Number of protein chains: 2
Amino acid sequence: LTNITIAIDAMGGDYGTKVTVPAAVSILEKHHDLKLILVGDQTAIQKELNNTINDRLSIQHASEVVDMDELPSKALRSKKDSSLRVALNLVKENRARACVSAGNTGALVATAHYVLKTLPEVDRPAIIRSLPTLIKDKKVSMLDLGANVYVTPEQLYQFAVMGSVLVTEHFNIERPKVALLNIGVEQIKGNEQVREADKIFSQSRFLNYVGYIEGDGIFSGKVDIVVCDGFIGNIALKAVEGFAKLIACYTKSSFSRNLFAKISALIAMSSLKNLKDQINPGKFNGASLIGLKGIVIKSHGSANAADFANAIEEAILEVGKNIPEKIGEKVGMLLKEEIKT
Amino acid sequence: LTNITIAIDAMGGDYGTKVTVPAAVSILEKHHDLKLILVGDQTAIQKELNNTINDRLSIQHASEVVDMDELPSKALRSKKDSSLRVALNLVKENRARACVSAGNTGALVATAHYVLKTLPEVDRPAIIRSLPTLIKDKKVSMLDLGANVYVTPEQLYQFAVMGSVLVTEHFNIERPKVALLNIGVEQIKGNEQVREADKIFSQSRFLNYVGYIEGDGIFSGKVDIVVCDGFIGNIALKAVEGFAKLIACYTKSSFSRNLFAKISALIAMSSLKNLKDQINPGKFNGASLIGLKGIVIKSHGSANAADFANAIEEAILEVGKNIPEKIGEKVGMLLKEEIKT
């Protein structure tokens, strides 16, 4: 894999250049064939670079920034020179193979959809992320995590097919197991949307569909792909993130109650660090927008430099595997064939 | 508080009498004024009691059991002598002040609704549970956790009012803060149902409504009540439960990798146990069905005897506080006044 160029939205996220620039510098040290284009306010980027010079790092100036709480439609209409938009344009113009942003999710989805367009037969892009499971080294991929509030059963099917192709490429799983997120495993439970999707999924010859899964089954390792709409997916995953913070807080207080507990903590440190590394959401940072004619990776807005570097790693991996081309080939063919029959 | 009688659905849950009977026996030792009626198959209950005699423990025979995956409508129509139904009848007939069941949630909601009826101005019962937060000793109450898949904005408002009354009684919080669960904190985000509810909540003079909250805010301690429909609430909370299992599994494996880690674990044991106790979902076992003319507590189906005893404790507490009467007074008045103006 040689000479990949990736565009970085340097202004996105809660911390902007303070996180994106150090992440870019560190990842270039690791990947010697990688080139990065930092997109954003030239002065701010240069200030953060603080005279660091790397001939594989260039700056593309963009005069505007999309705010984290800005209306996606407004960002799309009125901020044509935003760092987010310019970074996506670089992908569109083939000057970069992927775009990584920690910016406003809604604006990123809307702008990426507008600039890059969806693959044939795909209505809408979806956000997918891999997560740890109870089974060691086994991941589960979940989508949609917030790109779409309203999703038809047919679109859930498109998500399932795209997710299957991605997981096969990503984790070398031949026929990944797909489940629909629901409130009960019985056929009769759930809402209309999920029950309709269940019928479509069951009829598919391509999908390895195993039926419904409940919220507590997401991390069980029993399935490879969990499909849901973006409203549910976003709330469920953020609830888990909030709970992870709660546990981190309790862990800290459990080990600081008294001197003996503090000594215990010192001794148990390496094991605790190992635990923290494994459940750290930053380790799983880097959700993919799939269904587009190009690679777009969304970092968590509150990511630190190490987390943001993980999102860039995800982009490198997807470039290496030619993910959109692979999805494009199979999905276009399959969706044409299956939905229309 | 003297001479409370509580009806226990002895057959409900994944383990039936193996869990409910020992829980009942243990809780009677703790509360010397409490009386319990174990409802279910007399032979099975007696076998589990194994000659334990307590004059505050009686058995009410019921010949049928509702299966955990049975259709609620079928259970309601055809199993009129189920342990769940008979236990609810005891509340209806004032022979017990509350009913505790670990049985089929859908059947419990449908049967309780049918047998006990809702309070005036309340359309549907909802499931509410208190959860830990980042702020020590501060709980958050969340509803609906799965009683209703389809909920109107007006019903979300009813949930908010009922939740507020419960939290005021339960935790002595004068004007508890209420938030609506959504995918973004901005006014423009979310789906139609939530945005409509936001308008109603904002206009209420009774509610201390603070706006939207995202999934990661549930455990923040910033609000006292989180309101959502039962589809979202059930999936979000079960996702968190699944994640808690994942963490428990990682914690175990982190501390068993090698001899040094094992020794660390032994030393850190008391701190780890403290941590485990604090995040143990069983500690927070016992969700309330509110909005009914009677107290119904739902235990988790997979609860062990100690967890099930916690659900009985919740019932004792609600009886002591006269929760349905309190909700009935305020809710009937408020909903009549506010919704109809």
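The values are calculated or read from the model by the stated rules, or taken from the named source; none is laboratory data. This is a predicted model, so every value here is computed, not measured. Positions of Cβ are generated from backbone atoms using ideal geometry, with glycine treated the same way; all protein chains shown enter the neighbour counts. With ligands, DNA and RNA removed, areas are computed over all heavy atoms of the protein, side chains included. Shrake-Rupley method; radii C 1.70, N 1.55, O 1.52, S 1.80 Å.
Tabulated data for the structure shown
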item: The range A:193-217: number of residues that are of a type outside the set (Phe, Trp, Tyr) and closer than 17 Å to A:SER164 by Cβ; result: 12
item: Pick from the range B:87-101, criterion of a type outside the set (Val, Ile, Thr), outside any strand (DSSP E or B) and under 20 Å from the mean Cα position of the chain (by Cα), ranking: nearest to B:PRO324 (Cα to Cα); result: B:ARG97
item: Which numbered condition B:ILE173 fails, given (1) open to solvent by 10 Å² or more (accessible area, probe 1.4 Å); (2) among the β-branched types (Val, Ile, Thr); (3) free of Cβ contacts under 8 Å to residues at least 24 places away in the same chain; result: (3)
item: The range B:211-231, residues that are at the interface with chain A (Cβ under 8 Å from one of its Cβ atoms) and either surrounded by fewer than 22 Cβ atoms within 10 Å (Cβ to Cβ) or over 16 Å from B:TYR157 (Cβ atoms) (or both); result: B:GLU214, B:GLY215, B:ASP216, B:GLY217, B:ILE218, B:PHE219, B:SER220, B:PHE231
item: Odd one out for B:LEU119 among (1) surrounded by 21 or more Cβ atoms within 10 Å (Cβ to Cβ); (2) modelled with pLDDT under 95; (3) within 14 Å of chain A (Cβ to nearest Cβ); result: (3)
item: Residue among A:GLY301, A:GLY328, A:GLY332 that alone is small (Gly, Ala, Ser) and part of a loop (DSSP other than H, G, I, E, B); result: A:GLY301
item: Single unsatisfied condition, B:GLY163 versus (1) more than 7 Å from chain A (Cβ to nearest Cβ); (2) touching a residue at least 60 places away in the same chain (Cβ under 8 Å); (3) in contact with a strand residue (DSSP E or B) (Cβ under 6 Å, 6 or more places away or on another chain); (4) closer than 22 Å to A:GLU214 by Cα; result: (4)
item: Condition met for B:ASN148 (part of a loop (DSSP other than H, G, I, E, B) and either of a type in the set (D, E, K, R) or surrounded by 17 or more Cβ atoms within 10 Å (Cβ to Cβ) (or both)); result: yes
item: Count of residues meeting criterion [in a strand (DSSP E or B), within 13 Å of the chain's Cα centre (by Cα) and not aliphatic (A, V, I, L, M)] in the range B:119-145; result: 3
item: In the range B:88-116, the residues that are within 14 Å of chain A (Cβ to nearest Cβ) and hydroxyl-bearing (Ser, Thr, Tyr); result: B:THR105
item: Check on A:PHE255, more than 7 Å from every other protein chain (Cβ to nearest Cβ) and modelled with pLDDT under 75; result: no
item: Whichever residue in the range B:127-150 is aliphatic (A, V, I, L, M) and closer than 19 Å to A:GLU214 by Cβ and, among such residues, is farthest from the other protein chains (Cβ to nearest Cβ); result: B:LEU143
item: Test result for A:GLY12, within 24 Å of the chain's Cα centre (by Cα) and on the phi > 0 side of the Ramachandran plot; result: no
item: Enumerated helices (runs of 4 or more DSSP H) restricted to the range A:1-86, each holding at least 3 residues that are over 16 Å from A:ALA107 (Cα atoms) and open to solvent by less than 10 Å² (accessible area, probe 1.4 Å); result: A:17-30
item: Residue match in the range B:178-196 (condition: at pLDDT below 95, open to solvent by 10 Å² or more (accessible area, probe 1.4 Å), within 22 Å of the chain's Cα centre (by Cα) and among the hydrophobic types (A, V, I, L, M, F, W, C)); result: no
item: Selection status of A:LEU156, part of a helix (DSSP H, G or I), touching a residue at least 24 places away in the same chain (Cβ under 8 Å) and either more than 10 Å from chain B (Cβ to nearest Cβ) or out of contact with any Pro (no Cβ under 6 Å at 6 or more places or on another chain) (or both); result: yes
item: Lone unmet requirement of (1) open to solvent by less than 40 Å² (accessible area, probe 1.4 Å); (2) under 18 Å from A:SER288 (Cα atoms); (3) touching a residue at least 40 places away in the same chain (Cβ under 8 Å); (4) touching a helix residue (DSSP H, G or I) at 6+ places or on another chain (Cβ under 6 Å) for A:ILE235; result: (3)
item: Pick from the range B:203-252, criterion assigned to a helix (DSSP H, G or I) and charged (D, E, K, R), ranking: modelled with the lowest pLDDT; result: B:LYS252
